[in-house]
1. Condition (residue is in contact (Cβ under 8 Å) with a residue 40 or more places away in the chain and either under 22 Å from the mean Cα position of the chain (by Cα) or open to solvent by less than 10 Å² (accessible area, probe 1.4 Å) (or both)) applied to the stretch 176-196: is it met by at least one residue?
2. Here are the criteria: (1) within 26 Å of Gln111 (Cα to Cα); (2) open to solvent by 90 Å² or more (accessible area, probe 1.4 Å); (3) in a helix (DSSP H, G or I). Tell me which single one Ser148 does not satisfy.
3. Being farther than 27 Å from Arg16 by Cα and acidic (Asp, Glu) is the filter; apply it to the stretch 46-92 and report the residue that is farthest from the chain's Cα centre (by Cα).
4. Testing Leu218 on (1) in contact with a Ser or Thr (Cβ under 6 Å, 6 or more places away or on another chain); (2) farther than 30 Å from Ala22 by Cβ; (3) not polar (S, T, N, Q), one condition comes back false. Which one is that?
5. Is it the case that Glu92 is touching a Lys or Arg at 6+ places or on another chain (Cβ under 9 Å) and open to solvent by 70 Å² or more (accessible area, probe 1.4 Å)?
6. Sort out which residues of the stretch 191-207 are outside any helix (DSSP H, G or I) and in contact with a Lys or Arg (Cβ under 9 Å, 6 or more places away or on another chain), and write them in order of number.
7. Select, from Pro101, Pro39, Pro23, Pro57, the only residue that is out of contact with any strand residue (DSSP E or B) (no Cβ under 9 Å at 6 or more places or on another chain) and within 19 Å of Val147 (Cα to Cα).
8. Assuming Arg71 fulfils every condition listed in (1) surrounded by fewer than 19 Cβ atoms within 10 Å (Cβ to Cβ); (2) at pLDDT 95 or above apart from one, which condition is it?
Amino acid sequence: MTATSFRVLGPVEVWRDGRLLAPSSPRHRAVLAALLVDPGRTVPVDLLVDRVWSGQPPTAVSATLQSIVSRLRRELEPDVTHGRWTLLVTREPGYRLDVAPGDVDAVRFVQLLRAARDLATRDDVEGARTAVTEGLALWRGPAYADVSATFAVEEAERLEQLRLAARELAAELDLRRGRHAEIVDDVRELLRAEPLREGLRASLMLALYRSGRQAEALEVYDEGRRLLADGLGVDPGRPLQAL
């Protein structure tokens, strides 16, 4: 049975039976990416056009889209004859990428993050850490890295926030596993990029305190207090104050 997987956590890629099938042009990648936002569901033509051309479609856009879809089909299923396509199919009122959601790395990542959170609430720390590690390993770089359309930028931002949440969860789980000193540098690096995330700041404070570095932990809190006061005019949340 032919196995096809789709990757958007980095440059957009298609793998079929262990072989990379690269879309032939930026516009082909954009159409494929626009379909991968909704794997297994029909994307209406109007929505597809809006995603790919960001509200500024070319003249004769329907014919252009049909041509791109035709080329994509041949790229995705190079061995198919007589037009018996099974992956990219026409379904009124548009097109559908007929794949299981789990065959798309972004969907698989979200599934693993959800599973990790569920396991963490049930105190299965090792199981949760395994799930979040597997999810983070799917990332090869910024999501939709080679697609510049507005929809891809917005989707990439959404996924990046989930990636940060996964890394934050990983730090929390490592604290519960007693790996305090080992995570200090990684959490500090994350906090430099996202200085207002109080969950990260709490993890760094705990990691430092439990490593015998109480003065540094208090400095991390004070830095966060100043940033919140100067940038947002608010105090740290109750959990961070209590910590």
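The values are calculated or read from the model by the stated rules, or taken from the named source; none is laboratory data. The model shown is predicted, which means the values in this text are computed figures rather than measured ones. Positions of Cβ are backbone-derived with ideal geometry, glycine not excepted, and every protein chain shown enters the neighbour counts. We work out accessible area using only protein heavy atoms, side chains counted, and drop any ligands, DNA or RNA first. Shrake-Rupley method; radii C 1.70, N 1.55, O 1.52, S 1.80 Å.
1. Looking for residues that are in contact (Cβ under 8 Å) with a residue 40 or more places away in the chain and either under 22 Å from the mean Cα position of the chain (by Cα) or open to solvent by less than 10 Å² (accessible area, probe 1.4 Å) (or both), one finds none in the stretch 176-196, hence no.
2. (3)
3. The qualifying residue farthest from the chain's Cα centre (by Cα) is Asp46.
4. So Leu218 meets the others, but not (1).
5. Taking the combined requirement at face value, the residue does not satisfy it.
6. Residues of the stretch 191-207 that are outside any helix (DSSP H, G or I), as a first pass: 194-197.
Hit for the stretch 191-207 is Pro195, nothing else.
7. Answer to the check: Pro57.
8. (2)
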